[in-house]
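The values are calculated or read from the model by the stated rules, or taken from the named source; none is laboratory data. Remember, predicted model here, so these are calculated numbers, not experimental data. So basically every Cβ, Gly included, is an ideal-geometry build from the backbone, and we count neighbours across all protein chains shown. For accessibility, only protein heavy atoms count, side chains too; no ligands or nucleic acids. Shrake-Rupley method; radii C 1.70, N 1.55, O 1.52, S 1.80 Å.
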Amino acid sequence: KLVPSSVVSESELQSRRDAFAEAAGDPGLLVSTDNIAPTNVEQLLLSGGQLDKMGANDEAVIRVVESGNPPTFTVIIPSTQYWLPWASNDPNDLIGNLNVMLGHSQLEDATKSALQDAMTKYSDTHGGVSAVNAPVMLAGFSQGGITAAAFAQDYSGQFNIQQLVTAGAPIGR
């Protein structure tokens, strides 16, 4: 379930980050902190896998990375974590998949909130300079890709969405 603050402690999230980096065998490929932007598609998709491991079955972890001046924002959305209906970790379960395809999902709402928060933080730390028109790239695998595509469609008038990267997401017809 989405809650305003994490149900997982920061030390536990760091432990999950470290375990993922070790299991991957090449931590140089990973985006291990929220302030480092992926530099290629491989890092972008591995970052999504890292988010899945960080959130595990406890929560949906969405990463928004701000980089450059003027800023750009990269939003990485997690994938399905539980394949049974009515799981305890909605929005990352089968029902969450159906909800995003039906037009409303908690994961899409959380993505919007995360991006707005990142833009507000940028403005607050850069003397009130607005980031509203900053270019945005959305990325996700599976449910993350479905959500990224839905978000791009639903919020293209509110955000300057320039790129969409998906893998394993049934978004084409």
- line: The condition of being at pLDDT 75 or above, more than 14 Å from the chain's Cα centre (by Cα) and surrounded by fewer than 14 Cβ atoms within 10 Å (Cβ to Cβ) holds, among GLU42, GLU10, only for GLU42
Matching entry among SER67, SER79 (being of a type in the set (S, T, N, Q) and at pLDDT 85 or above): SER67
field: Residue that is part of a strand (DSSP E or B) and open to solvent by 80 Å² or more (accessible area, probe 1.4 Å), where the choices are GLN163, GLN153
entry: GLN163
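Quickly run through region 122-138 and pick out the residues that are under 13 Å from the mean Cα position of the chain (by Cα) and open to solvent by 50 Å² or more (accessible area, probe 1.4 Å).
Pass one, region 122-138, residues under 13 Å from the mean Cα position of the chain (by Cα): 136-138.
Result: no residue meets the conditions.
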- prompt: When you look at GLY144, is it surrounded by 19 or more Cβ atoms within 10 Å (Cβ to Cβ) and either in a loop (DSSP other than H, G, I, E, B) or at pLDDT 85 or above (or both), yes or no?
  reply: yes
query: If you take the residues of region 99-121 that are surrounded by 20 or more Cβ atoms within 10 Å (Cβ to Cβ) and in contact with a Phe, Trp or Tyr (Cβ under 8 Å, 6 or more places away or on another chain), which of them is farthest from PRO70 (Cα to Cα)?
result: GLU108
Single unsatisfied condition, ALA23 versus (1) part of a helix (DSSP H, G or I); (2) in contact with a strand residue (DSSP E or B) (Cβ under 8 Å, 6 or more places away or on another chain); (3) modelled with pLDDT under 70: (2)
